[in-house]
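Enquirer: After the structure tokens below, expect a handful of questions from me.
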Amino acid sequence: MEPILFILFGAIAVAGSIMVVTRKHPMASALYLILTLFAVAALFVLRQAHFLAAIQVIVYAGAVVVLFIFVIMLINVPENKLPVERLTALRFLGVAAAGLLILEGAVLARKTTMPGGTAADSGSVQAVGRALFTDYLLAFEITSVLLLAAVIGAIALAKKKI
Amino acid sequence: MESFVHSLVKAVPVLSGVPMWTLTLTAMILSAAVLLVFALTFGGVGSYVLRKVAGDIQARIGPNRVGPNGILQFLADGVKLVLKEDIIPAKADRFLFALAPYFVFVGSFAAFVVLPFGVGLIASDLNIGVYYVMAVTSLVVVGVLLAGWASNNKWALLGGMRAAAQIVSYEIPVGMALMPAVLIAGSLSLQDIVRSQGGLLGVFGWNLFHNPFTFFSFFLYFTAAQAETNQTPFDLPEAESELVSGYNVEYSGIRFGFFFLAEFGDMFVVAALATACFLGGWHIPFLHAEALPAFWGNLLSLGAFLAKAFALVLVMMWIRWTLPRLRVDQLMRMAWKYLVPLTFVNLLGVSLWLLIFKGKGIPQMIASLFG
């Protein structure tokens with residue numbers, strides 16, 4: 001059952017992300033992004049990482065993409081005035097970069113041994129919390145500084161007079 | 001769900017010949033159907049009660065024509081909604097316009113899955129219950145935004161944007177105000193949170209009376225939740241007097257019905273979460289529901305849970321018809337400058353309390369004084 005579901009949600013995620021970059025209208029892209037994020041959340045659930053799946057949906061589908069849609073709605077470009085993207089060298093570079101990334105992933109997947117099976121508590125709140133506050137404490141704390149910088153930056157940009 | 005199927009197979013040996021997955025699937029569909037019927041009935045009867053409460057508070061009678069005391073009004077309204085012409089504006093984005101109500105309804109209905117209705121009455125006791133509710137309700141925001149945008153109508157657009165800004169802002173205090181209950185139970189599962197509030201203390205075993213911070217946190221949650229469900233005094237997305245009806249202004253017929261049902265579904269989910277996290281969930285004061293025979297235990301605990309949740313829904317309606325509406329800037333200021341900092345201070349307070357007093361609440365300490 002699990003391999004079938006993995007292929008199903010994996011296919012949805014891949015197809016969704018292709019649609020995100022190929023759709024002309026930004027609203028359609030944003031909606032396909034939501035679909036992709038939900039499919040990735042489903043993949044997390046398949047690996048018993050329920051907590052990560054919930055966080056993924058709350059943070060990305062519930063807040064980040066909502067902000068994207070918000071901006072798209074605020075700007076509200078009429079359909080016939082959407083910029084037409086020309087076929088530039090950047091596109092081919094993008095395809096090449098994506099190919100390299102896939103290759104890199106394949107090589108890495110062959111070299112590293114994935115932790116086998118799905119331990120029942122590997123994705124639980126306790127396990128994630130312990131990992132964050134022991135093994136990855138430095139990265140975690142640095143991320144919080146980064147977020148603080150982003151918050152201050154946003155306020156500095158939005159306020160005319162501080 | 002699977003443990004339920006296992007016990008079912010044990011009780012009825014005939015079923016052991018049926019493959020496991022069909023039984024699980026049937027059980028899932030059945031429980032979803034039961035929850036759906038409950039949500040629809042709640043939406044219907046809720047709308048009648050809402051209008052009656054409005055009538056009482058505004059010193060008028062309210063619906064009184066259809067059936068005795070107007071009790072059948074909601075059936076008439078339902079029939080009207082189903083039979084009404086389904087209009088899609090000519091310049092609307094047809095696909096997204098049709099899709100949006102489902103997002104909103106599914107987002108609000110999916111939360112019912114983890115609500116602990118009784119000792120064993122829960123569709124799925126997920127170990128991330130509280131976060132699951134927050135995750136699926138984020139679909140509502142997307143649906144509301146889409147509805148506002150796809151209608152191609154200025155009022156709808158304004159309403160949709162107000163709703164999205166409001167829900168995204170108030171999601172933070174809502175989540176943070178629920179955390180004290182999670183900290184006390186040491187689990188995100190709603191069933192575990194309810195179980196942690198049992199014991200012989202009766203009403204005083206509830207998280208509401210655990211310590212001063214949890215008491216405060218219940219009111220913070222209730223305020224923020226009132227805003228998250230877009231109800232007066234925070235109903236700016238609908239604001240009839242300025243936006244006509246907000247994001248759903250172009251909708252008619254059953255599509256409008258979905259928005260309507262989702263609104264009542266949200267009300268119940270919010271009340272049920274408050275009940276489960278602060279008011280002892282399905283615990284009946286001074287009666288150990290888990291020790292009773294399965295049938296009576298479930299029935300009585302279901303009654304207790306629904307009584308508490310419905311009481312909170314009534315309070316929400318009462319607030320809704322009593323307080324005037326805020327302005328948009330006041331609303332945002334309230335979320336970011338008052339509620340968010342307060343919930344964080346509160347969370348810190350609860351954490352320190354649990355650390356200093358080793359997880360004991362005031363009622364427990366008083367009880368241990370008297371032996």
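Enquirer: Measure nothing fancy, just the Cα-based angle from helix B:2-11's long axis to the longest principal axis of chain B, in degrees from 0 to 90, nearest 10.
Expert: Tilt of helix B:2-11: around 70 degrees.
Enquirer: Quick one: putting +1 on the C-beta of Lys and Arg, -1 on the C-beta of Asp and Glu, what dipole do you get for the protein assembly as shown around its Cα centre, in Debye to the nearest 20?
Expert: Numbers: 33 positive and 26 negative charges, 177 e Å.
Dipole magnitude for the protein assembly as shown comes out near 860 debye.
Enquirer: Further, regarding this structure: From the alpha carbon gyration tensor of chain B, can you work out the equivalent ellipsoid semi-axes (sqrt of 5 times each eigenvalue) and give them in Å, largest to smallest?
Expert: Values: eigenvalues 240, 152, 82 Å².
Square roots of five times the eigenvalues give 35, 28, 20 Å.
Enquirer: While we're looking at this one, here's another question. Please give the net charge around B:Ser301, taking every other residue with its beta carbon less than 12 angstrom from that of B:Ser301, where Lys and Arg add +1 and Asp and Glu add -1.
Expert: Overall, the nearby charge balance is +1.
Enquirer: Provide a whole-number value for the mean count of partner chain Cβ atoms within 10 Å of the Cβ atoms in peptide A:58-68.
Expert: 5
Enquirer: For A:Leu147, put the label point 7 Å out on the Cα→Cβ axis and report which residues of the stretch A:65-96 keep their amide N under 16 Å from it.
Expert: Within reach of a label on A:Leu147, which here means backbone N under 16 Å from a point 7 Å along Cα→Cβ, the stretch A:65-96 contributes A:65.
Enquirer: Relative to the compact globular guide of 2.2 N^0.38 Å, what is the alpha carbon radius of gyration of the stretch A:2-88, as a ratio?
Expert: 1.25
Enquirer: Next question. Taking the alpha-carbon distance from B:Lys91 and a cut-off under 16 Å, which lysines remain once sequence neighbours fewer than 8 residues away in the same chain are dropped?
Expert: B:Lys154
Enquirer: How far apart, in nanometres, would the label points at B:Phe95 and B:Leu40 be if each is projected 7 angstrom from Cα along the Cα-to-Cβ direction?
Expert: Computed distance between label sites B:Phe95 and B:Leu40 equals 2.9 nm.
Enquirer: Another question about this same structure. Got a sec? How would B:Tyr102, B:Tyr48 order by Cβ neighbour count within 10 Å, fewest to most? Write down the numbers at each step before the final one.
Expert: Numbers: B:Tyr102 14, B:Tyr48 21.
By the 10 Å Cβ count, ascending, the order reads B:Tyr102, B:Tyr48.
Enquirer: Roughly how many debye, to the nearest 20, is the charge dipole of chain B about its Cα centre, given +1 on each Lys and Arg Cβ, -1 on each Asp and Glu Cβ, and no other charges?
Expert: The dipole of chain B has a size of about 420 debye.
Enquirer: Could I ask something else about it? Suppose each label sits 7 Å from its Cα in the direction of the beta carbon; what would the A:Arg23-A:Leu103 distance come out to in nanometres?
Expert: 3.2 nm
Enquirer: Also, quick follow-up: Starting from the amide H of B:Leu115, placed 1.01 Å from N in the peptide plane, find each other amide H under 5 Å away whose residue is 5 or more places distant or on another chain.
Expert: Correct list: B:Ala123.
Enquirer: Separate question: How many nm is it between the label spots at B:Arg333 and A:Glu79, if each spot is 7 Å from the Cα in line with the beta carbon?
Expert: Result: 4.3 nm between the two label points.
Enquirer: Skipping prolines and chain starts, which residues have an amide H placed within reach, meaning under 5 Å, of the one on B:Ile284, given they are 5 or more residues away or on another chain?
Expert: Placed amide hydrogens put B:Ala289 under 5 Å from B:Ile284.
Enquirer: Among B:Ala272, B:Val66, A:Ala154, which residue has its Cα furthest toward the positive end of the charge dipole of the protein assembly as shown, with +1 on Lys/Arg Cβ and -1 on Asp/Glu Cβ?
Expert: Of the options given, the answer is A:Ala154.
Enquirer: Kirkwood hydrodynamic radius, the protein assembly as shown, all distinct C-alpha pairs: what's the number in Å?
Expert: For the protein assembly as shown, the Kirkwood estimate is 25.5 Å.
Enquirer: Just to confirm a number: summing +1 for Lys and Arg and -1 for Asp and Glu over residues other than B:Ser169 whose beta-carbon lies under 13 angstrom from that of B:Ser169, what do you get?
Expert: That works out to 0.
Enquirer: Under a straight-distance cross-link criterion of Cα-Cα below 25 Å, which lysines are reachable from A:Lys160, leaving out those fewer than 8 residues away in the same chain?
Expert: B:Lys337
Enquirer: Under 19 Å Cα to Cα from A:Lys81, which aspartates and glutamates show up? Leave out anything in the same chain fewer than 8 places away.
Expert: List returned: B:Asp93.
Enquirer: By the scheme Lys and Arg +1, Asp and Glu -1, what is the net charge of all other residues having a beta-carbon under 11 Å from that of B:Pro63?
Expert: With Lys, Arg at +1 and Asp, Glu at -1, the net is +3.
No value in this document is a laboratory result; all are computed from the given coordinates. Because the structure is predicted, anything quoted here is derived from the model rather than measured. Every residue, glycine as well, gets a Cβ built from its backbone with ideal geometry; the counts of neighbours run over all protein chains shown.
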